[in-house]
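A.B. asks: Here it is: the structure, laid out below.
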Amino acid sequence: MKIHEYQAKQLLKDAGVPIPTSLLAGSADEAVAHFDALGGGVAVVKAQVHAGGRGKGGGVKVVRSKQECKSEAERILANPLITPQTGPEGVTVKKLLVEQATDIAHEYYVAIVLDRASQLPVLMASTEGGMEIEEVAAKTPEKIIKTFIDPDRGLLPYQVRKIGYLLGLKNEQVKAAGPTLKGLAKVYLDKDCSLAEINPWVRTADGNMIALDAKMNFDDNALFRLKDIAELRDEAEEDPGELRAGQAGLSYVKLDGTIGCLVNGAGLAMSTMDIIKYHGGEPANFLDVGGGANAEQVTEAFRIILSDPTVKAVLVNIFGGIMKCDTIATAIMTAFKEVGVKVPLVCRLEGTNVELGRKMLSESGLPIITASDLTDAAKRVVEAA
Ligand code: ADP
Ligand code: MG
């Protein structure tokens, strides 16, 4: 689960991380009132959306007067915000953060993620903040400092000093950096983050170290025990299909291709996506209905796939184990009746009650393309799409 910048900053602030003063606005008028409340000098108006790269898309603007604040706020709220992370259609902005402008001397990067190889959280810091860290990692990996964190002990004082000095900070700034690094690690560990990032983390002209932007992702599997975090969810920012799937207990991830995939089991779903790509197609989604899905869940899975306008063909690839092939056949027939399947549908069934499932489908008179095996199914669906 992702959250907004203003929510992530509040969590950081609660953990002792210095952040600039800011106020949340839901309209341009409210933004202007906040501009006044912050002193009426210089402020930054920032679109609150889950996507990053807002600065590049015109979603972060320095404003120097009431008029400028009003016109920028109106512009951001009225137009879809397109950033390198949103796709060409952009996203609607509903809230703005009006923030005190900071006099920036240098922008740093700091983030914590889980390092699967060492099975530990790793803190990464760099003097190259503000810009895309992927580019820094690809072109100048030596500019990323890594420190592993013991999840039981947290980030230790010697590690804070080491990071500070490796970033080239002076003694005073190393001291000033302490609360941010410790606070970031505390939030990451206490709140079951999968990512906690501050970019940019800035050294100000007067020598303070402040978090200017914050991004956090949380492990969905931990939300049941983190009620305060679960409440920060903003469903309007999430893919509608992924949201519906979550409610129905299905694992669904929207992708960029044209072939809708309905599969049971994460491993089979992965290999289905691989074989579609191998035969020249692109999957429109990952969807695992799970081992024990019932007919209603499978029908809902169809509704989700078919409500995606980018889907040009559907591949049903089911290995009946706990779920029986006749259950799938029933669900396919229900989906045809209920949702009206208007794109080609290729079906590959194997396993428990396969004969019965196939018989039901062939007797239904529905225009289903049956495949003899996985390769055959992939070839047919790629052709159909
Ligand atoms: P994003 O990463 O989505 O583009 P940021 O919050 O990082 O959004 O803002 C982009 C850039 O805008 C920052 O790198 C920084 O240079 C500038 N910026 C953001 N907030 C402030 C602020 N409060 N004061 C001054 N500059 C800011
Ligand atoms: Mg940023």
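A.B. asks: Of all residues in the stretch 46-95, which are of a type outside the set (S, T, Y), near ligand 1 (Cβ under 9 Å from one of its atoms) and within 20 Å of E134 (Cβ to Cβ)?
C.D. replies: Hits for the stretch 46-95 are V49, A51, G52, G53, R54, G55, K56, G57, G59, V60, Q85.
A.B. asks: Is there a residue being of a type in the set (V, I, T) and more than 23 Å from the chain's Cα centre (by Cα) anywhere in the stretch 276-290? Can you show your working first?
C.D. replies: Step one: of the stretch 276-290, the residues of a type in the set (V, I, T) are 276, 289.
If we keep only those that are more than 23 Å from the chain's Cα centre (by Cα) too, we end up with 276.
Taking every residue of the stretch 276-290 in turn, at least one turns out to be of a type in the set (V, I, T) and more than 23 Å from the chain's Cα centre (by Cα).
A.B. asks: Test G267 against the stated conditions and say whether it is in contact (Cβ under 8 Å) with a residue 24 or more places away in the chain, farther than 30 Å from Q100 by Cβ and not acidic (D, E).
C.D. replies: Judged against the criteria, G267 is not a match.
A.B. asks: Restricting attention to the stretch 84-93, does a residue exist that is of a type in the set (D, E) and in contact with a helix residue (DSSP H, G or I) (Cβ under 7 Å, 6 or more places away or on another chain)?
C.D. replies: Checked the stretch 84-93: no residue is of a type in the set (D, E) and in contact with a helix residue (DSSP H, G or I) (Cβ under 7 Å, 6 or more places away or on another chain).
A.B. asks: Follow-up question, since we're still on this one. Among the residues of the stretch 72-96, which ones are of a type in the set (D, E) and surrounded by 16 or more Cβ atoms within 10 Å (Cβ to Cβ)?
C.D. replies: If the condition is that a residue be of a type in the set (D, E) and surrounded by 16 or more Cβ atoms within 10 Å (Cβ to Cβ), then E72 is the only one that fits.
A.B. asks: Any chance the stretch 232-246 includes a residue that's out of contact with any Cys (no Cβ under 7 Å at 6 or more places or on another chain) and within 16 Å of ligand 2 (Cβ to nearest atom)?
C.D. replies: no
A.B. asks: Checking the conditions here, which among D274, D234, D220, D228 is buried (at least 16 other Cβ atoms within 10 Å of the Cβ), over 16 Å from R303 (Cβ atoms) and among the acidic types (D, E)? Talk me through it step by step, then tell me what you get.
C.D. replies: Working: D274 fails: buried (at least 16 other Cβ atoms within 10 Å of the Cβ); D220 fails: buried (at least 16 other Cβ atoms within 10 Å of the Cβ); D228 fails: buried (at least 16 other Cβ atoms within 10 Å of the Cβ).
Going through D274, D234, D220, D228 in turn, just one is buried (at least 16 other Cβ atoms within 10 Å of the Cβ), over 16 Å from R303 (Cβ atoms) and among the acidic types (D, E): D234.
A.B. asks: Of all residues in the stretch 3-21, which are touching a helix residue (DSSP H, G or I) at 6+ places or on another chain (Cβ under 7 Å), within 14 Å of ligand 1 (Cβ to nearest atom) and not aliphatic (A, V, I, L, M)?
C.D. replies: Within the stretch 3-21, P18 is the sole residue that qualifies.
A.B. asks: Further, regarding this structure: For the stretch 146-156, which residues satisfy the criterion of being touching a residue at least 12 places away in the same chain (Cβ under 8 Å) and either of a type outside the set (A, V, I, L, M, F, W, C) or part of a helix (DSSP H, G or I) (or both)?
C.D. replies: Within the stretch 146-156, the first condition is being touching a residue at least 12 places away in the same chain (Cβ under 8 Å), and the residues that meet it are 146-151, 154-155.
Of everything in the stretch 146-156, those that are touching a residue at least 12 places away in the same chain (Cβ under 8 Å) and either of a type outside the set (A, V, I, L, M, F, W, C) or part of a helix (DSSP H, G or I) (or both) turn out to be K146, T147, D150, P151, G154.
A.B. asks: Pick from E99, E128: which is surrounded by fewer than 22 Cβ atoms within 10 Å (Cβ to Cβ) and within 16 Å of ligand 2 (Cβ to nearest atom)?
C.D. replies: Matching residue, one of E99, E128: E128.
A.B. asks: Of the residues in the stretch 344-356, how many are within 37 Å of the chain's Cα centre (by Cα) and without any contact (Cβ under 8 Å) to a residue 40 or more places away in the chain?
C.D. replies: Residues flagged as within 37 Å of the chain's Cα centre (by Cα) and without any contact (Cβ under 8 Å) to a residue 40 or more places away in the chain within the stretch 344-356 amount to 8.
A.B. asks: Right, something else. Taking the conditions exactly as written (of a type in the set (D, E), at negative phi and crowded, with 18+ Cβ neighbours inside 10 Å), does E107 satisfy them or not?
C.D. replies: Yes, satisfied.
A.B. asks: (1) more than 19 Å from the chain's Cα centre (by Cα); (2) closer than 30 Å to D308 by Cα: which one isn't true of L232, the others all being true?
C.D. replies: The single condition L232 does not satisfy is (1).
A.B. asks: State yes or no: is V63 buried (at least 20 other Cβ atoms within 10 Å of the Cβ) and not assigned by the TED database to the domain that holds L232?
C.D. replies: Against the criterion (buried (at least 20 other Cβ atoms within 10 Å of the Cβ) and not assigned by the TED database to the domain that holds L232), V63 qualifies.
The values are calculated or read from the model by the stated rules, or taken from the named source; none is laboratory data. All figures in this text were calculated on a predicted structure; none of them were measured in a lab. Every residue, glycine as well, gets a Cβ built from its backbone with ideal geometry; the counts of neighbours run over all protein chains shown.
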